[in-house]
Every structure is written in C-alpha cells, then in structure tokens.
Amino acid sequence: MRNILVQLQRLYDRFFGLVSYLQSPFLLFVRLYWGWQLTESGWGKLHNLSRVTEFFTSLGLPMPAQTAFAISCLEFFGGIFLAAGLLSRLTSLALTINLIVAYITADREALVSIFSDPDKFYAAAPYTFLVASLIILLFGPGKIALDTLLKKFSGGDSPPTSTLDRHGSIKPQED
C-alpha cells in the first residue's frame, strides 16, 4: 500500500511539475490580452473625453473632466505597462483600485448582487479586467516580462527556480 502511495505522489509531483512550466506563458497571455484590451479602452476614452466626462458627471464623481482624463490615461498607459510586464504589480494595484471604484460607482447594482445574482456581477464591464489585474497583482508578471529582465540586470533578487529530480519531484535549483 505504501508503495502505491509513493508512486501516486511521484506521478502527482511529476505532472504538476510539468504543469508549473505553463505558469509564465499563461501570465504572459493574461498580460498581453487584457493589456491590449485596456489600452484600446483607454485610447477610446482619450479620444472621446467629452462623453466620458458627461458619464462621470452623471455618476456624481468629483472633478469629472480631470477624473475622465486620469482614468483614460491609467487604462491606456496601464494597459501598455501590463502587456509589457513593466511595473506590473504597481500597475495592477492601480488598475484593481480603479476597477473596484468602477463597480462601486457605475455598476453598484452588479456589485451588491454578487451573492444573490452572481451572473449580474460576472457580466458587468469591469469584471474581466478586475480578474486579470488581480491575477497579475497576486502572482506577478511571470518570467517573460520586462520586470524580470530589469530585475536580472539590476542585480535584484531573482525569484526562486526549481527543477525536477530523477523521480519527477520538484527540487529547488541551487545557484
């Protein structure tokens, strides 16, 4: 019985060791796709600031013209930074705060129905952007990012790496 458990543990370790190699490509995909979407959204807002200002005025936001410009720039440049993996976590933090405020101000009904009618929450405009921002905020940009490259060349702490041993188990890689 113990032998079967050991074999299952090795198979488990080997499988998820291989799956972990997909982490950085997945994070790259998230950054590129939603970074592009945010960039397009910000670009559209920058070219229609009067309509965005009118919308923000209807929501009762303070300084609607300045807020419209700031949010448009955050989405445009934040999308570029996110896609490139530059200042990823800081950008994701700013975007996460922005998107939570978007829920509170523009999609309050969807926000308060998060438990009673989750479909309404999921269907709201900020949802996918919020999820993408949270993924990068929590897990970082991955290895395929300018942040990683800058950290490597600046001599900063590099994230720990691991390899598979001869049994397929994950073991830390020594420098």
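The values are calculated or read from the model by the stated rules, or taken from the named source; none is laboratory data. Since the model is a prediction, treat every value here as computed from it, not as a measurement. Counting neighbours? That spans all protein chains shown, and the Cβs are built from the backbone with ideal geometry, glycine included.
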| task | Have a look at Glu40, Glu54, Glu75 and point out the one that is in a helix (DSSP H, G or I), among the charged types (D, E, K, R) and within 13 Å of Ser133 (Cβ to Cβ). | result | Glu75
| Test: residue in region 15-38 that is small (Gly, Ala, Ser) and within 20 Å of Asn98 (Cα to Cα) | yes
| request: Take region 114-127 and flag every residue that is surrounded by 15 or more Cβ atoms within 10 Å (Cβ to Cβ) and over 19 Å from Pro64 (Cβ atoms). | output: Lys120, Phe121, Ala124, Tyr127
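Regarding region 105-113, can at least one residue be identified that is surrounded by 20 or more Cβ atoms within 10 Å (Cβ to Cβ), touching a helix residue (DSSP H, G or I) at 6+ places or on another chain (Cβ under 8 Å), in a helix (DSSP H, G or I) and not small (Gly, Ala, Ser)?
no
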| task | Restrict the check to region 13-20 and report whether at least one residue is in a helix (DSSP H, G or I), of a type in the set (Val, Ile, Thr), closer than 21 Å to Ala132 by Cβ and modelled with pLDDT under 95. | result | yes
| note | Of the residues in region 71-117, those that are touching a Leu at 6+ places or on another chain (Cβ under 6 Å) and on the phi > 0 side of the Ramachandran plot come to Gly85
